[in-house]
Amino acid sequence: MQRKHFLLFLLLPSLVMSCEKIINVDVKDSEQKLVIEGVIDNESGVFTHTILVSKTNKLSAENKRNTVSGAIVVVTDVTINEADTALETEPGRYITQKTAGVPGHTYQLSVLAEGKTYTSMSTMPQPVRLDSLYTEEYSFFGESFKQVIPVFQDPAGVKNYYRFSTTTNDSSNNNFQAWDDQLSDGKLNSRPLFNNDDLKKGDTVTVFMNCIDKATFDFFNTLENAQGSGQTPANPLSNIPGALGYFSALTVQRKTIIIP
């Protein structure tokens, strides 16, 4: 089967910052598919959330997002039965107008694009507190490097899923890590966030911690595994039937540390 590539624009947890990550993913599909990426978060006072709609690219256009305009994008807070039709502010970018992200609420995304409707649902988990950050130095083949370690208490008896990402000196990178609590339920967590950046004294690192649902974890976990594999990866597990990408209602916390 012919391999094609597409650029997956992964939203940073802080959508109000309008930051995006670009991650190259190998896709096995022999025909173009719709790519939907949407996040509803619980940032205080924020009612605008971004849904990106695009299509997979051919190899000749792999450095550009193949945007889809004219879609009808509706986000519904199922818990309170409130629908919000998103505005297209630029090609392929759709912004909600009145949707508040509330832990425990369930949200439905509906995208009508090119004559076909795609739907997905996500329930926002309760937030888990990000307590603190510290750094530790590691050695690898005779070279030393520093990593940032988040500290948080996983709630006992509750299945929790997390996604971590970072910025260094206000610049985003392509690093993210998806964790579950299969081996750490109810425990104090402190494991390093392996970062491609060569962290130096005085660097400012911001860590974003998202509490996510299982479907979002499955997407990022398979995407993370695909990036780290030397073999031809399968498509990341999407929670949007018929499309690639993901829709996630998630919580956001962030802390910043200056590398000592």
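Derivation of every value follows stated rules applied to the coordinates shown; laboratory data play no part. These numbers come from a predicted model, not from an experiment. As a convention, Cβ positions derive from the backbone with ideal geometry for all residues, glycine included, and neighbour counts pool all protein chains shown.
A few comments on the model shown:
- Rounded, prolate or oblate (a/c below 1.5 giving rounded, otherwise prolate when a/b exceeds b/c) for the range 53-154 by Cα gyration tensor: oblate
- Computed over all pairs of different Cα atoms, the Kirkwood value for the hydrodynamic radius of the range 154-260 is 15.3 Å.
- A simple spin-label model places pseudo-atoms 7 Å from Cα toward Cβ; at Glu136 and Val102 they are separated by 4.0 nm.
- Between Thr204 and Ile258, the simple label model (points 7 Å from Cα in the Cβ direction) yields a spacing of 0.9 nm.
- Length, then width, then depth: along the principal axes, the Cα atoms of the range 130-212 run 39, 28, 20 Å.
- ³J(HN,Hα) computed for each position of the range 146-160 - Karplus, 6.51 cos²θ - 1.76 cosθ + 1.60, integer Hz, glycine/proline x: 9, 10, 8, 10, x, 10, 7, 9, 6, x, 6, x, 10, 6, 10
- Taking amide H as placed 1.01 Å from N in the peptide plane, the amide H of Asp203 sits under 5 Å from that of Ile259, each at least 5 places away or on another chain.
- Close amide H pairs (under 5 Å, H built 1.01 Å from N) link Asp131 with Val151, Phe152, Gln153, residues at least 5 positions away or on another chain.
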